[in-house]
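Peer 1: Below you will find the structure I want to go over with you.
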Amino acid sequence: MRRDGRVDANQPEIVSALVDGYFSVAYTTAIGGGFPDLVVGGSMPCPNCSKKFRQNKLVEVKTLTGTLTKEQQLFHPCWAGQLSIARTIDDALKIVGLIK
């Protein structure tokens, strides 16, 4: 995440794929402090039983060669909930359980 609010070049296509999959997407890039770029909500499978229920996922968007900022390196391991990095559309769709 960048303090200037810029987004990675692949973020629009990742967001579009998630919205096309009927997920809600909130842009959180401007929050700062290492917080991920997106909060994605929708009906997703449970990792233990595969039943679907409403969940929210934190998603950090990076390009194929992008690296975490120092703030992200500090924030990510301290976050007690789910947080994933999506570099491609397939990564994002795997995070929300649309593909395996």
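The values are calculated or read from the model by the stated rules, or taken from the named source; none is laboratory data. Keep in mind that this is a model prediction, so the values were computed, not measured. As a convention, Cβ positions derive from the backbone with ideal geometry for all residues, glycine included, and neighbour counts pool all protein chains shown.
Peer 1: Out of all the residues in the range 43-96, which are of a type in the set (A, V, I, L, M, F, W, C) and farther than 26 Å from Gly33 by Cβ?
Peer 2: Scanning the range 43-96 gives Cys46, Cys49, Phe53, Ile89, Leu93.
Peer 1: Hey, another quick one. How many residues are under 20 Å from Cys78 (Cβ atoms) and either assigned to a helix (DSSP H, G or I) or of a type in the set (S, T, N, Q) (or both) when one looks only at the range 31-66?
Peer 2: Residues that pass the stated criteria total 2.
To keep it simple, each residue is scored yes or no on (1) β-branched (Val, Ile, Thr); (2) within 16 Å of Asp90 (Cβ to Cβ).
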position	(1), (2)
Ala17	no, yes
Phe23	no, yes
Thr29	yes, no
Phe35	no, no
Pro45	no, no
Cys49	no, no
Lys52	no, no
Gln55	no, no
Leu58	no, no
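Peer 1: Right, something else. For residues in the range 77-100 being in contact with a strand residue (DSSP E or B) (Cβ under 9 Å, 6 or more places away or on another chain) and in a loop (DSSP other than H, G, I, E, B), which is surrounded by the fewest Cβ atoms within 10 Å (Cβ to Cβ)?
Peer 2: Ranking the qualifying residues of the range 77-100, first place goes to Gly81.
Peer 1: Does the range 59-69 contain any residue that is within 15 Å of Ala17 (Cα to Cα) and touching a Gly at 6+ places or on another chain (Cβ under 8 Å)?
Peer 2: no
Peer 1: Same structure again: Exactly one of these conditions fails for Met1: (1) modelled with pLDDT of 95 or more; (2) surrounded by 15 or more Cβ atoms within 10 Å (Cβ to Cβ); (3) within 28 Å of Lys70 (Cα to Cα). Give me its number.
Peer 2: (1)
Peer 1: What is the one condition in (1) at positive phi; (2) part of a strand (DSSP E or B) that Tyr22 does not satisfy?
Peer 2: (2)
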